[in-house]
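Computed from the coordinates by the stated procedures, all read-outs in this text should not be read as laboratory data. Just so we're clear, the structure is a prediction, and the values are computed from it rather than from any experiment. Cβ: placed from backbone, ideal geometry, glycine included. Neighbour counts: every protein chain shown.
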Amino acid sequence: MDKSYVIAGDLGTSSVKLAAVDPEGHILRSVTEAYSLYCEGKEAEQDPQEYWEAVCRGTKRLTEVLAAENCRGLVFATQWRSVIPLDDQGKVLRRAIIWMDRRADQEAEEINQALGEKRFTGTGYWPKLLWYRRHEPELYARTAHILEANAFLKWKATGQFSSDVTNNYTRAFHAERDAFFRKLLALSEADLSLFPPLCTSEETVGHVTEEAAAQLHLPAGTPVCGGCCDIAALAIGTGCSQAGDYHAYLGTSGWVGCIEPVDPLNSYQPSLQASLDVGLYPLGISAGPTTQWMLDTFFAAEKKEYGEEIWACLDKRLEDIPAGSGRLLAAPFTSGRVGGVFINLTAAHTREHMLKAVFESYGYLIRQKLEKAAEDTGKAPAHLTFCGGAAVNRIMMQAMADILQIEIRVPESPKDRGAIGAALCALQSADRQQKPLHYRSYFPCRENIAEYELLYRQFSDIRPSLTGLSTALNQ
């Protein structure tokens, strides 16, 4: 093929998807490469070198099919808030402390006390910086640079240090947020000089070096642009990057995102540009692992037989399950210490009832977040755009429309919108929509609304007590 393209790497918690994207925002080809996740207790780490090696394997596979000389750029969308320390020779000093790590509870409490409000938990970026300084002082003394995942990959490709506006937690284009970041750095006992300079998502920050070119199987001199975090990439890739736009993601985790004016003191909202944030409303669940557990436990034979086509099989089976799954409620488990539960399970319920009840629980949680977002912004959405692996499931999407009582839109290739959003940064199209997106729409069924209203109220009433009970059982 002789069509030009950019390569976008969408780096998640378990794998990186490398996609070759044409100037119109269409994926020509994509590949996925996995790497390890190291978890023990509250700790969650990954080896940054494994990120790079996975990226290199992926770009090699792409250029075995697509002409490398037609690659016009390289860009990354990555998981956010990782801590990757390097020494002055560029050696990685320890595995990355990633976003889901929960070790810094004590440090979070100290920072909260200094701020006079409960702002951070053990998963916070700044508490982790303080933890690193205090608990690994010998490594900290050798630290010359502290990067996050996107900055690390850009550095490996170009030899240049930079961190984009959606991933930079020490500098900001907005003056008041920049000042707040400096305050947090001081409380974290970290020196600003350790962190890379700020860049936009669209700007070219460097070019692929000769050394990196040999590993990536790309031409030396290929431009590398700033990129963004995965949250911002999904907002861009779903066409939801203007003020008031809403999107929802269901994959390994889950969230509702709303484009809002910058709130300079909200350190957990990634900046989309100098004046806009992606207001983030996390669901607080492990959506992907919960769904995977359901499939592995109750549909193992179908999963083995149908592989990636299992949803086509299950869609047909779930068609006959009524709204509300026979008054069965489910609460999915989280990445912390809150276990899942089924309520009102009887001999009349089947595994199909249980699976649909899990899907419906995602809808109840998303509705809670939409209501909170509407309260914060003063604007309820007229429709909600879904992306992530769950968006391919039509039964789940119809349940979402019924529970949320709004139009649900699913763009083409919903699992790839992060890579496409990153590619649009490289194509310098983040502030203007690619060719109009085509959506599949789902509209609420009136006959299901009353049932879901009842179950939503019950779910909202009982979930707090379930969370407390599960936490107590798992201490």
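All other residues whose Cβ lies under 15 angstrom from that of Ser15 are scored, Lys and Arg at +1 and Asp and Glu at -1, for a net of -4. Of all the Cα-Cα pairs you can form in the chain, what percent are over 41 Å apart? That tail contains 17 percent of the Cα-Cα pairs.
Each principal axis of the range 1-111 carries a Cα extent, and these read 56, 30, 23 Å when sorted largest first. Computed over the range 1-73, relative contact order equals 35 percent, with contacts defined as Cα pairs under 8 Å that lie 6+ residues apart. A simple spin-label model places pseudo-atoms 7 Å from Cα toward Cβ; at Glu203 and Ser15 they are separated by 3.5 nm.
Note on the range 323-475: the alpha carbon radius of gyration divided by the globular reference 2.2 N^0.38 Å gives 1.18.
Relative contact order, whole percent, for the chain stands at 15, derived from Cα pairs under 8 Å and 6 or more residues apart. Relative to its Kirkwood radius, the Cα radius of gyration of the range 183-296 gives an Rg/Rh of 1.06.
Expressed in units of 2.2 N^0.38 Å, where N is the residue count, the Cα radius of gyration of the range 100-247 is 1.18. On the beta carbon distance between Arg446 and Arg351, with R0 = 22 Å, the FRET formula returns roughly 0.15. Taking a sphere under 10 Å around the Cβ of Asn112 and counting the other residues whose Cβ falls inside, with K and R at +1 and D and E at -1, yields a net charge of -2. When DSSP beta bridges are restricted to pairs lying wholly in the range 5-226, around 75% turn out antiparallel. Restricting the range 1-84 to GluC sites (Glu not before Pro) that sit in a DSSP loop and have at most 12 other Cβ atoms within 10 Å of their own Cβ leaves Glu24, Glu64.
Sequence-distant contacts, meaning Cα pairs under 8 Å at least 6 residues apart, place the relative contact order of the range 5-226 at 19 percent. Under the combined filter of DSSP loop state and at most 11 neighbouring Cβ atoms within 10 Å, the range 69-110 retains these trypsin sites (Lys or Arg not before Pro): Lys91. Spread over its residues, the convex hull of the C-alpha atoms of the range 5-226 is 116 Å³ per residue.
Calculate, in nm to one decimal, what Gln160 and Glu309 gain on full extension: separation in residues at 0.36 nm each, minus their alpha carbon distance.
Between Gln160 and Glu309, full extension yields 49.4 nm more.
Determine the gain in length on full extension of the stretch Gln106-Ser275; use 0.36 nm per residue of separation and subtract their C-alpha separation, reporting nm with one decimal. Working it through step by step, the gained length comes to 57.5 nm. Per residue, the Cα convex hull of the range 266-319 amounts to 137 Å³. Summarising the strand pairing of the chain, around 75 percent of its internal DSSP beta bridges are antiparallel.
Here, the range 148-206 is characterised by an Rg to Rh ratio of 0.98, where Rg is the alpha-carbon radius of gyration and Rh the Kirkwood radius.
Report the net charge of residues surrounding Leu130, where surrounding means a beta-carbon distance below 10 angstrom and charges are Lys +1, Arg +1, Asp -1, Glu -1. For residues surrounding Leu130, the net value is 0.
Extending 7 Å from Cα along the Cβ direction at Glu453 and again at Asp87 yields two label points whose distance is 6.6 nm.
For the set Lys17/Lys372; Lys17/Lys316; Lys42/Lys303; Lys304/Lys356; Lys118/Lys369, the pairs lying more than 26 angstrom apart at their alpha carbons are Lys17/Lys372; Lys17/Lys316; Lys42/Lys303. Rounded to the nearest 20, the Cβ-based charge dipole of the range 165-319 about its Cα centre (Lys and Arg +1, Asp and Glu -1) stands at 240 debye. Here the 3J(HN,Hα) profile of the range 408-421, calculated from phi with Karplus coefficients 6.51, -1.76 and 1.60 at θ = phi - 60°, is 9, 10, 10, x, 4, 6, x, 6, 10, 5, x, 5, 5, x Hz, Gly and Pro shown as x. Net length available on complete extension from Leu473 to Arg317 is 52.7 nm, with 0.36 nm assigned per residue and the Cα-Cα distance removed.
Restricting to DSSP H runs of at least four residues, report the calculated mean residue ellipticity at 222 nm for the chain, -39500 (n - 2.57) per run over all residues, nearest 500 deg cm²/dmol.
Helix contribution divided over all residues of the chain: -12500 deg cm²/dmol.
In summary, the lysines within cross-link reach of Lys91, defined as a Cα separation below 25 angstrom excluding same-chain residues under 8 places away, comprise Lys60, Lys128, Lys154, Lys156.
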